[in-house]
Amino acid sequence: MSLLEERKRGLTDPEMAAKIMAEIPDQPLDTQRKMGYYVQPRGKRLTEYEIMTCYTQPTPDWISGGLDWGDWTQKFHGGRSSWGNETTEMLSSDWHEHRDPAGRWHPVYVKAKGEDWRVLQRFMETFSAEGALRTIDPVWRDEILPKHLGALGYSEYGLFNAHSSVLRDCTGDTLRSTFAFAAFDKVDNSQMTQLVRTFITKIMPGYDDSPAIGKKEWTQGAAYKSARETVESMWQDTYDWNEVMFATHMIYDPLFGQLVRREFFQRLSPAYGDSLTPFVLAGMQTYFQTTKAAMADIYHHCLDNDKNYGGFNRRWMHVWMEKWLPSTVAAMAEFMSIYATLPTRDGFTDKASIAASVNRVVEDWIVDYANKIDYKVDQSAMVATILAGLK
Amino acid sequence: MAISLATNAATDALALNRAPTSVGAQEVHKWMQDFNWDFKNNRTKYPTKYLMANDTKEQFKLIAKEYARMESVKDERQFGSLQDALTRMNAGNRVAPKWGETMKVVSNFLEVGEYNAIAASAMLWDSASAPEQKNGYLGQCMDEIRHTHQCGYVNYYFAKYFHDPAGHTDARRVRTLGPLWKGMKRVFADGFISGDAVECSINLQLVGEACFTNPLIVAVTEWASANGDEVTPTVFLSIETDELRHMANGYQTVVSIAHDPAAAKYLNTDLNNAFWTQQKYFTPVLGMLFEYGSKFKVEPWVKTWNRWVYEDWGGIWIGRLGKYGVQSPASLKDAKKDAYWAHHDLFLLAYAVWPTGFFRLALPSKEDADWFEANYPGWYDHYGKIYEEWRARGCEDPSSGFIPLQWFVENNHEIYIDRVSQVPFCPSLTKGASSLRIHEYNGKKHAFSDEWGERMWLSEPERYECQNVFEQYAGRELSEVIAELWGVRSDGVTLIGQPHVTKEGKLWTLDDIKRANCVFKDPLA
Ligand SMILES: [Fe+2]
Ligand SMILES: [Fe+2]
């Protein structure tokens, strides 16, 4: 950097600038000034998101949509490819087709999350100044949040880790940024479950914010056995990057994740005087909706509708449904056991309210996920299976 | 905690404490290391022969939201400068033509490194077991997305404002045409993501970032600024602020494996291979881009190289890792020899195949030649004379029908491509250390230009099978290949690559190339 300061700059040093100007032609040498003019825009015109992202992945043409030719210049020990078609069962006519409906490239993404952070910090200052903690039911605060918001943190953290191999292996650039942002939101969520409890400790010294309580629930509690095993299996047993993402974002998270975040914490917090948790969870739900739209673009708009391989892909998605749905439903049923540990609240913890809440999750999922790929689900049977877990 | 206790605590505390309070990133981060849990199959999908310790910490203790806030502050500054002051000053156009061409390559090729580093950091995040170490790699994964987009933005900006937008607009499509691309992929793409995870970390973080990031990112800003380009420093210095995290990650990788006996066995070999891999491409390519791709010179490349690669990296940085058993690579000596002439050798070849570029090249001017001779005594007798001959034969003028590649054929100077590094070399004309070795394997011939790469291939030939441009294009006429791989401008006939950057000079078209009737030939066939 010292050199930079000492040296004369070609833009500002009059003599150098004059020499440069003398070499610049009066007219530009080409009329095409649009970077990425050859990229197929999703909408009417190419967006900055598309320009920055599309074809950054340097794959050869034998991986559909790639612009390069030939082999990889260095491979794994033993000769496995850097990237390859064999890393997923899905087939695509163009791995560069996906577009994030939110048009996120890096600055767009960090700006939004940075704003969320500032808003959250202002909220915490207000919450503490108001003494709003006083209204929270002590059982909810001292039992439920440490155990179950803590356990949710582990679920989110496991899902986050399920993305690492996906980010290594996936074969498209727009895919890679969508998966990366989804991953980052998941680790953020796990950190935010910790933040809620750490915040309470700060305004209520003596409150135990260690994650150990939630970890114990998650690893040993009966309420999370299937959830944990499902997450572990997505994270470490599954090598197909599309299967990992499909199981995570098209099955487990919109069912189990939504049941816990929206229908448990969001719905019940007001009944226990808790205005802190719903505020933090509102951020997670925003991320969920953004991710949902992006994943729908990948699995519904692109892969299910692929002009050559749509039918083939759909059959695989059905296979993955068969594989991952039962353990997800079991996870939801086991989670029902928690209701018995809550102080009762009419209109919130009675069986009818719980049934209605489970129905919302299942129905949303059937409409937004199962129906989209024509996967048949018996809604009332699924709801009944879940509700059978109520103690 | 028992309810009654907590409730008492609450009552006491709340009576006292209603000061506005919030939570800082560090207060959340301090629990990070507890976010993991053990389970049966908790192991990485990318095996490494090393063992990464479970308790490895990270140096930059960020949580997701704080990361986002910090990066968006940097973005505001960067985009503010670009879109406001620099645009009003027309800074995107007031750049020395040669340098504006150089940035077509620099920004796009760096982008490839950044993009592959996303996948590389993700692989490391997968292979680390400590949550803090995972978090460090995750931060890098996000940074590399940022850098990918930033590099893209430099080309995007120049596409809008520079007087020759071709190549800035379509580098991602046309870059595969020329002979520099595959070598680029070896160092900055496959070398980061294909192999033992720790070996990849050594390539990416310990060598790519700790060693060549300085010359690449910082030195580029100095050359840019001298040549009127303030766009590149605005972006690249912002990239550089994230790189500390990545070098720290590389350091932590070594710390995490240091106690494993495998480290003593393999680490120095892997480091030596990684160093040679990276330097084999970057030493000549960076030197060439700086010295031959600029109007105003900053300092001889050999000086930059000695300071940053040899002294700072080979000495200080590696020295700091000495307590973990890391030694300066054995190949550093050979690399030092190459740092003097290798980039001059490469430019000779790069210029000879200028029609396959996505940038305009220029023969050294009289001023350049004097500078070269002053800084590299002996330059004129070996290289300068050849350029004079080419110029005299009209290599810049489309009506001459002369492409310097033909001169190599006429004079029996065979051009080979090293199988491992994919870097072209001409054994009969080289002043650097390259020398020809040929091996046959499975009925196919492979050329190599140095002992270190040859050794890598001999022990694992299945890792280096990529065909080179001469094999791929053999038997085909040059203009045909150019047209097929999108090497033309928006008029459909004028080449993107040109052999000069003068205002007066005519631009070559596909027809001009066709008249020269250059047909590719594979020297190994
Ligand atoms: Fe980077
Ligand atoms: Fe980096």
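The values are calculated or read from the model by the stated rules, or taken from the named source; none is laboratory data. This structure is a prediction, so every number in the text was calculated from the model and none was measured. All Cβ positions, even for glycine, are placed from backbone atoms using ideal geometry, and neighbour counts span all protein chains on display. Areas reflect the complete protein model, heavy atoms only, side chains present, ligands, DNA and RNA absent. Shrake-Rupley method; radii C 1.70, N 1.55, O 1.52, S 1.80 Å.
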Legend entry - Filter result for the condition that a residue is in a helix (DSSP H, G or I), modelled with pLDDT of 95 or more and under 15 Å from the mean Cα position of the chain (by Cα), over B:M142, B:M123, B:M184: B:M184
Inset, instruction - Quick one: count up the residues across the stretch A:212-246 that are among the β-branched types (V, I, T) and surrounded by fewer than 22 Cβ atoms within 10 Å (Cβ to Cβ). - result: 2
Inset, instruction - Please find, among B:V106, B:V112, the residue that is of a type in the set (A, V, I, L, M, F, W, C), within 16 Å of ligand 2 (Cβ to nearest atom) and more than 10 Å from chain A (Cβ to nearest Cβ). - result: B:V106
Legend entry - Which numbered condition B:Q205 fails, given (1) open to solvent by less than 10 Å² (accessible area, probe 1.4 Å); (2) over 17 Å from B:S121 (Cβ atoms): (2)
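Step by step: first the residues of the stretch B:488-504, then only those that are at the interface with chain A (Cβ under 9 Å from one of its Cβ atoms) and not polar (S, T, N, Q), then the one that is nearest to the chain's Cα centre (by Cα). Which residue is that?
Filtering the stretch B:488-504 for residues that are at the interface with chain A (Cβ under 9 Å from one of its Cβ atoms) and not polar (S, T, N, Q), the one nearest to the chain's Cα centre (by Cα) comes out as B:I496.
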Legend entry - Hits in the stretch A:125-177 - residues which are under 30 Å from A:Y109 (Cβ atoms) and assigned to a loop (DSSP other than H, G, I, E, B): A:H163, A:C170, A:T171, A:G172
Inset, instruction - Using the structure shown, decide if A:T219 is at the interface with chain B (Cβ under 7 Å from one of its Cβ atoms) and farther than 24 Å from A:D116 by Cα. - result: yes
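Every residue in the stretch B:457-480 that is surrounded by 20 or more Cβ atoms within 10 Å (Cβ to Cβ) and within 14 Å of chain A (Cβ to nearest Cβ), please.
From the stretch B:457-480, those surrounded by 20 or more Cβ atoms within 10 Å (Cβ to Cβ) are B:457, B:463-464, B:466, B:468-469, B:473, B:478-479; that's our starting set.
B:W457, B:R463, B:Y464, B:C466, B:N468, B:V469, B:Y473, listed by residue number.
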Legend entry - Hits in the stretch A:138-149 (condition: touching a Gly at 6+ places or on another chain (Cβ under 8 Å) and either within 10 Å of chain B (Cβ to nearest Cβ) or basic (K, R) (or both)): A:P146, A:K147
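Which one of A:T286, A:T291 is polar (S, T, N, Q) and crowded, with 23+ Cβ neighbours inside 10 Å?
Unique residue meeting the criteria: A:T291.
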Legend entry - the stretch B:209-234: number of residues that are within 14 Å of ligand 1 (Cβ to nearest atom) and in contact with a Gly (Cβ under 7 Å, 6 or more places away or on another chain): 2
Legend entry - B:T213 more than 16 Å from ligand 2 (Cβ to nearest atom), under 16 Å from the mean Cα position of the chain (by Cα), farther than 22 Å from A:D169 by Cβ and not acidic (D, E): no
Legend entry - For A:M90: the one exception among (1) open to solvent by less than 10 Å² (accessible area, probe 1.4 Å); (2) within 7 Å of another protein chain (Cβ to nearest Cβ); (3) hydrophobic (A, V, I, L, M, F, W, C): (2)
Inset, instruction - Please verify whether the stretch B:181-202 includes one or more residues that are within 15 Å of ligand 1 (Cβ to nearest atom), at the interface with chain A (Cβ under 7 Å from one of its Cβ atoms) and touching a Gly at 6+ places or on another chain (Cβ under 9 Å). - result: yes
Inset, instruction - Determine if the stretch B:358-370 includes at least one residue that is surrounded by fewer than 18 Cβ atoms within 10 Å (Cβ to Cβ) and either in contact with a helix residue (DSSP H, G or I) (Cβ under 8 Å, 6 or more places away or on another chain) or modelled with pLDDT under 95 (or both). - result: yes
Inset, instruction - List the helices (runs of 4 or more DSSP H) that sit entirely inside the stretch B:231-305 and contain at least 3 residues that are within 16 Å of ligand 2 (Cβ to nearest atom) and under 19 Å from the mean Cα position of the chain (by Cα). - result: B:231-257, B:261-292
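With open to solvent by 70 Å² or more (accessible area, probe 1.4 Å), at the interface with chain A (Cβ under 7 Å from one of its Cβ atoms) and among the charged types (D, E, K, R) as the only criterion, which of B:R69, B:R88, B:R43, B:R77 stands out? Walk me through it before giving the result.
Working: B:R69 fails: open to solvent by 70 Å² or more (accessible area, probe 1.4 Å); B:R88 fails: at the interface with chain A (Cβ under 7 Å from one of its Cβ atoms); B:R77 fails: at the interface with chain A (Cβ under 7 Å from one of its Cβ atoms).
Residue meeting the stated conditions: B:R43.
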Inset, instruction - Go through the residues of the stretch B:81-93 one by one and say whether even a single one is among the polar types (S, T, N, Q) and within 16 Å of ligand 2 (Cβ to nearest atom). - result: no
Inset, instruction - Identify all residues within the stretch B:122-149 that are among the polar types (S, T, N, Q) and either open to solvent by 10 Å² or more (accessible area, probe 1.4 Å) or more than 8 Å from chain A (Cβ to nearest Cβ) (or both); write none if there are none. - result: B:S127, B:S129, B:Q133, B:N135, B:Q140
